[in-house]
1. Considering only segment 20-36, state which residues are of a type outside the set (Ser, Thr, Tyr) and either more than 22 Å from Val9 (Cβ to Cβ) or out of contact with any strand residue (DSSP E or B) (no Cβ under 9 Å at 6 or more places or on another chain) (or both).
2. If a residue must be among the small types (Gly, Ala, Ser) and either more than 18 Å from Leu22 (Cβ to Cβ) or within 18 Å of the chain's Cα centre (by Cα) (or both), how many such residues does segment 72-92 contain?
3. May I ask you to list the residues in segment 137-162 that are under 20 Å from the mean Cα position of the chain (by Cα), at pLDDT 75 or above and surrounded by fewer than 14 Cβ atoms within 10 Å (Cβ to Cβ)?
4. Looking only at segment 163-209, how many residues end up being among the small types (Gly, Ala, Ser), at pLDDT 95 or above and not in a strand (DSSP E or B)?
5. Name the one entry in Asp57, Asp81, Asp39, Asp85 that is crowded, with 24+ Cβ neighbours inside 10 Å and of a type in the set (D, E, K, R).
6. Go through segment 210-227 and give me each residue that's within 20 Å of Pro43 (Cβ to Cβ) and either assigned to a helix (DSSP H, G or I) or not β-branched (Val, Ile, Thr) (or both).
7. I need a count of the residues in segment 1-29 that are closer than 22 Å to Leu233 by Cα and in contact with an Asp or Glu (Cβ under 9 Å, 6 or more places away or on another chain).
8. Just one of the numbered conditions (1) modelled with pLDDT of 85 or more; (2) assigned to a helix (DSSP H, G or I) is not true of Arg247; which one?
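The values are calculated or read from the model by the stated rules, or taken from the named source; none is laboratory data. Since the structure is predicted, the reported quantities are computational estimates derived from the model, not experimental observations. When we count neighbours, we look across all protein chains shown, and the Cβ atoms used for this are built from the backbone with ideal geometry, even at glycine.
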Amino acid sequence: MRARLDELVAGRLAVGAALPALSCYEFGTALAVVAAAEDAGVPVALLVPPAAARGRDGSRLIAALRTLADGASVPVSVQLDHATDVGLVLEAVAAGADAVLADGSKLPLEDNAALVARVRELTAGSGTVVEAELGDIAGDEDRALSVHAAGGTDPELVAGFVAASGAQLLAVSVGNVHGRYAGEPRLDWPLVAAVRERCPVPLALHGASGLPEGDLARAGAAGLGKVNVNTELRAAVLDATQELLPRARAAGDDVLTLEAARRAAAHRFTGSLLRTLTPAPQDAH
């Protein structure tokens, strides 16, 4: 079921919940993520990392995810994640992505805003939702490195940046990291509140892998409407593969056994995340 990412996030925030957004480097993981969302009856976003989106196979993956999303019984968005290349953005949108993160977070403030505004301009009329990132989120989206949180998003810059860029969602730095947390993770909730107060669009929390369940459960009520997960999902799939590989090879059915195990692990992880991000009715106020 096709749906606008910003509308999905707004709908989740209205009930004190956050939209789960999970990185899918291949189609099997995406099948499991969507199946778990359908079982739970809640929407989900499928994130396509740039490493998976580049080249001919990347366009084919996005097209396949578009078909999967359109056929799902719950709303599903397909988002190109952390794109710094405008050409890749256009290829992804042509292949079926309905949202993109135009990531200029490593650029000077004005250049970051200009990149996002350019993507908005080039995708105008396509219905593409454009997310931006403001603030230094430490780590690497595709590598499970252990890093410490970097400087946070400056609340005083938020309103001007959103106005200049036209961003429809804003990813922020509030103690979160990409990859693994070095030491105990500590989200800066007062900073979240200060940014949310000044931001006219919904906020996104990247780097949710490794955060305590309590923090994830609190996200939606605190105004963090989209929660991105990559490392923990990859780890769950990899652990299942490593555990079953010797037995699968011995039995001679390694392809079917491993694929089933990978999907089951992704399904379990996604189901658990969905439950955490969706508060009970009495907790949603």
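1. The answer is Glu26, Phe27, Gly28, Leu31, Ala32, Ala35.
2. Residues in segment 72-92 being among the small types (Gly, Ala, Ser) and either more than 18 Å from Leu22 (Cβ to Cβ) or within 18 Å of the chain's Cα centre (by Cα) (or both): 4 in total.
3. none
4. 7
5. Only one candidate qualifies: Asp81.
6. Within segment 210-227, Leu216, Ala217, Arg218, Ala219, Gly220, Ala221, Ala222, Gly223, Leu224, Gly225, Lys226 qualify.
7. Here is the first cut: in segment 1-29, the residues closer than 22 Å to Leu233 by Cα are 5, 8-9, 12, 17-29.
Cutting the leftovers down to in contact with an Asp or Glu (Cβ under 9 Å, 6 or more places away or on another chain) gives us 5, 21, 23, 25, 28.
The qualifying residues number 5.
8. Failing condition for Arg247: (1).
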